[in-house]
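What follows is a short report on a single structure.
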Amino acid sequence: MSSCIIIGAGLAGLTAACELTRHQWQVTLLDKGRGVGGRMATRRIHNTRADHGAQYFSARTPEFQAQVQAMQEAGVVKEWYLPGIDHHPRYVGSSGMSAVPKYMAQELDIRTGEKVVHVAGDTTGCTVRTEAGTIYSAEKLIITIPAPQVKVLLADSSIQLLAPDQLALDSIAYQPCLAVIAELNQPSRIPAPGGIRYEEGPISWIADNQQKGIINDSTTVTIHASPQYSREHLEGDLNKVGEKLIAELHEWIPAEAVESFQVHRWRYSLCDQRHPEPYLRCDTPFSMLLGGDGFGMGNVEGAYQSGLQMARYLVGEGKRKKLSME
Ligand SMILES: Cc1cc2nc3c(=O)[nH]c(=O)nc-3n(C[C@H](O)[C@H](O)[C@H](O)COP(=O)(O)OP(=O)(O)OC[C@H]3O[C@@H](n4cnc5c(N)ncnc54)[C@H](O)[C@@H]3O)c2cc1C
């Protein structure tokens, strides 16, 4: 049985794992987080929940459309019509965006709380070591963590990429995002359907999670600071950031309505400079593929496509090898 270790159980890693498992591969997914999903994240506050990472996604490619349709039929996702962006339908998780990765993770061997700190290998396979000291081995390795974190992992592992691979990795860049989740003691004044995108100013997006359809005991509002504001205040006082951004939105969120708020610092949110191909096959002694939303289309759908294409490549490679030996 062919085997693969996947670092990162966000949408790219989960998709690759599902596809390889479907082809009878033995797959181990490792993620440093407490749960799966990475940036498709829903946070619980008291008895309420809020999406604080990805807010909605599109499905333009046939493979992802089929996946979304299956999840729609299973009640995991639903359409969310947002006027004024374009004519493509947008989707959200029925109980928050984390419903999507949780659904995909059901049948997989996933080890959470496992931060990979070292990778090594030779022509027979790869070995990875986690912060807790656990060692995992497999024939193939897929890495789906954001490119800046890949660079740190490879440097700590003394793995030097060939110049073109290194250039490709260096070309990938992400926007930071400061995300505020405010819990309200009354409905927000955000008009239906509950999401507003801003082109200027310190805020890029607000959403009323209840209007998005997340059943909550009280209203929660998600606020995303603009890339510029986030960059300027990334290392600043998060409490002040939260107060400032909430005050900017007094039209939709009266000050007296705010019960509490939290601020999350996303160092890597949307990938705005991507490698054009859906993955990078590294010229290393062991088989190592790099993927995720930094490769190909970007966003949630791009992460799905990247994971799918990496798995298809490995399955195809296995078949080609078998044929050449016959
Ligand atoms: C604030 C915000 C808003 C967004 N809005 C949208 C949107 O509206 N629509 C949209 O389509 N996309 C949006 N995105 C982008 C979208 O969330 C991502 O493109 C997509 O989820 C990326 O999936 P991925 O699997 O490539 O990476 P990730 O989801 O980042 O998964 C990588 C995983 O690797 C893990 N990891 C990292 N380092 C290690 C390590 N050393 N060892 C083990 N595990 C590790 C992480 O814990 C994580 O779970 C948004 C993102 C953010 C943060």
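The values are calculated or read from the model by the stated rules, or taken from the named source; none is laboratory data. Keep in mind the model is a prediction, meaning the values are calculated, not measured. Cβ placement follows ideal geometry from the backbone for every residue including glycine, while neighbour counts extend to all protein chains displayed. Ligands, DNA and RNA are excluded from the accessible area calculation, which covers all protein heavy atoms including side chains. Shrake-Rupley method; radii C 1.70, N 1.55, O 1.52, S 1.80 Å.
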GluC sites (Glu not before Pro) in the range 119-204 lying in a DSSP loop, each with at most 13 other Cβ atoms within 10 Å of its Cβ, come to GLU131, GLU199, GLU200
For the range 176-266, the convex hull over Cα atoms projects on average to an area in nm² of 5.4 nm²
Residues whose built amide H sits under 5 Å from the amide H of ILE45, excluding neighbours closer than 5 in sequence, are ALA50
Among HIS224, ILE190, ILE246, the residue whose Cα sits farthest towards the positive end of the charge dipole of the range 176-266, when +1 is placed on the Cβ of each Lys and Arg and -1 on the Cβ of each Asp and Glu, is HIS224
So the compactness index of the chain, its C-alpha Rg divided by 2.2 N^0.38 Å, takes the value 1.03
Check: C-alpha center the range 121-136 vs C-alpha center the range 60-114, spacing in Å is 32 Å
Per residue, the convex hull enclosing the alpha carbons of the range 222-326 has a volume in Å³ of 153 Å³
By the Cα gyration tensor axes a ≥ b ≥ c (a/c under 1.5 gives rounded; else a/b larger than b/c gives prolate, otherwise oblate), the shape of the range 16-63 is oblate
Expressed per residue, the solvent accessible area of the chain in Å² (1.4 Å probe) is about 47 Å²
Everything considered on the Cα gyration tensor (a ≥ b ≥ c; rounded for a/c under 1.5, else prolate if a/b is larger than b/c, else oblate), the range 40-180 must be described as prolate
From the Cα centre of the range 206-255 to that of the range 258-326, the distance in Å is 30 Å
Scalar couplings 3J(HN,Hα) for the range 271-284 by Karplus 6.51 cos²θ - 1.76 cosθ + 1.60 (θ = phi - 60°), nearest whole Hz, x for Gly and Pro, are 8, 9, 10, 10, 6, x, 8, x, 6, 10, 9, 7, 8, 10
Taking R0 as 45 Å and r as the Cβ-Cβ distance between GLN24 and ASP217, the FRET efficiency 1/(1 + (r/R0)^6), rounded to the nearest 0.05, comes to 0.55
Output for the range 72-148: chymotrypsin sites (Phe, Trp or Tyr not before Pro) sitting in coil per DSSP, at most 13 other Cβ within 10 Å, listed by number, reads TYR81
Diffing the range 108-116: the Karplus 3J(HN,Hα) column from phi (6.51, -1.76, 1.60, θ = phi - 60°), in whole Hz with x for Gly and Pro, holds 9, 8, 10, 10, 8, x, 10, 7, 7
Length gained if GLN106 through THR123 is fully extended, taking 0.36 nm per residue and subtracting the Cα-Cα distance, is 2.9 nm
The percentage of Cα-Cα pairs in the range 116-222 separated by more than 19 Å is 63 percent
The set of residues whose placed amide H lies less than 5 Å from the amide H of ARG90, leaving out same-chain residues fewer than 5 positions away, is TRP80, LEU82
In whole percents, the bins of 10 Å from zero upward hold the Cα-Cα pairs of the range 67-117 as 22, 39, 25, 12, 2
In whole Hz, the Karplus estimates of ³J(HN,Hα) for the range 53-64 (6.51, -1.76, 1.60; θ = phi - 60°; x where Gly or Pro) are x, 4, 9, 6, 8, 9, 9, 9, 8, x, 5, 6
Sorting THR220, THR124 on solvent-accessible surface, 1.4 Å probe, most exposed first, gives THR124, THR220
Once GLU79 and ALA155 are pulled to full extension, the length gained, defined as 0.36 nm per residue separation minus their Cα-Cα distance, is 23.1 nm
All alpha-carbon distances of the range 267-326, grouped into 5 Å bins from 0, give the whole-percent distribution 4, 19, 23, 20, 15, 9, 5, 3, 1, 0
Here, GluC sites (Glu not before Pro) of the range 11-114 satisfying both criteria (DSSP loop; at most 12 other Cβ within 10 Å) are GLU107
Highest mean packing first, using Cβ neighbours within 10 angstrom, the peptides 46-59, 163-176 sort as 46-59, 163-176
Sorted by accessible surface (1.4 Å probe, heavy atoms of the protein chains only), largest first, SER3, SER158 come out as SER158, SER3
